[in-house]
Amino acid sequence: MMAVYTQYFQKSKVFLYPLLKLKKGAEFVPTETYVSWDGIYGIEDYKFICVYHSERTSKFIDFESKYLRDHALLENTIHLPGNKNVYVFNFKTYRFDYVKFIEGKFSQFSLGTKKQITNFFGTVGKLSDYIQSFLDPEDYHESYALALEVDLETVQDVYEVCSIPDLEKETLVSEFPPEVELLKNKYLSLD
């Protein structure tokens, strides 16, 4: 590893999206991903939210039918103005790893989750090197200590080499459509 990656990146897109088991390089990928929706879902709900910015063309609808609509973890689909298609997945199946994700303890993911992430990103190239260092930081502590110009013990004490998720940036801030709000409240007032 030559350099330390220091810019913030959407952690849910890197660590949770691969758990959907969708193929890398699919024609459509979410523009944004989140772990909460302001005022709707909190991190305690174990949701993973994908936002696709796309017109509902026949290609997108075909993709949605093929990969999203019948996905075992899909809980809700919401179409927002501005060609925003929101898919809410229930990640209670991944509860252990979800909590480790929120805590920024990526090295403590279960072996199955690590394998899914590694399989998604592959084993060749700079990105896969970074991913591997985030999942198994012990093997990279020396490189990070050199790159950051700090003592090896400091890096070993911190252990993780990837910053924790910024929960503000991992929160979708968008109004919930009124018709969906009625469904959420499970009643319709006829007054």
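Any read-out appearing in this document is the output of simple, stated calculations on the displayed coordinates, not a laboratory observation. Source: prediction; values computed, not measured. Counting neighbours? That spans all protein chains shown, and the Cβs are built from the backbone with ideal geometry, glycine included.
Test of understanding: ordering Val51, Val161 by Cβ neighbours within 10 Å, fewest first, what list do you get?
The fewest-first ordering by Cβ neighbours comes to Val51, Val161.
Counting only Cα, what are the radius of gyration and maximum Cα-Cα distance Dmax of the stretch 71-145, in Å?
Using the Cα atoms of the stretch 71-145, the pair Rg, Dmax is 15.9, 48 Å.
So in the chain, what percent of DSSP beta bridges are antiparallel if you round to the nearest 5?
90 percent
Lys11: which lysines have alpha carbons under 20 Å from its alpha carbon, excluding same-chain residues fewer than 8 sequence positions away?
List returned: Lys21, Lys23, Lys24, Lys47, Lys92, Lys100, Lys105, Lys114, Lys115, Lys126, Lys169.
Using R₀ = 41 Å, calculate the FRET efficiency as 1/(1 + (r/R₀)^6) where r is the Cβ-Cβ separation of Arg69 and Tyr159; round to 0.05.
0.55
When you count, for each residue, the other Cβ atoms within 10 Å and take the mean per peptide, how do 16-23, 115-122 rank with the highest first?
Put in order of decreasing packing, that is 16-23, 115-122.
Report relative contact order for the stretch 11-168 in percent, whole number only (criteria: Cα-Cα under 8 Å, sequence separation at least 6).
Details: 197 pairs, mean separation 31.4, N = 158.
So the answer I get is 20 percent.
Could you tell me whether the stretch 11-168 comes out rounded, prolate or oblate from its Cα gyration tensor? Rule is a ≥ b ≥ c as square roots of the eigenvalues, rounded for a/c under 1.5, then prolate if a/b exceeds b/c, otherwise oblate.
Judged from the Cα gyration tensor, the stretch 11-168 comes out prolate (a/c at least 1.5, a/b above b/c).
Would any residue of the stretch 3-35 have its amide N under 20 Å from a label point 7 Å out along Cα→Cβ of Leu146? List them or say none.
Residues 3-6 fall inside that zone.
Could the peptides 134-144, 76-86 be put in order, highest first, of the mean number of other beta-carbon atoms found within 10 Å of their residues? Present the calculation step by step, with values, prior to reporting the outcome.
Details: 134-144: 17.2, 76-86: 14.7.
So the peptides 134-144, 76-86, ranked by packing, come out 134-144, 76-86.
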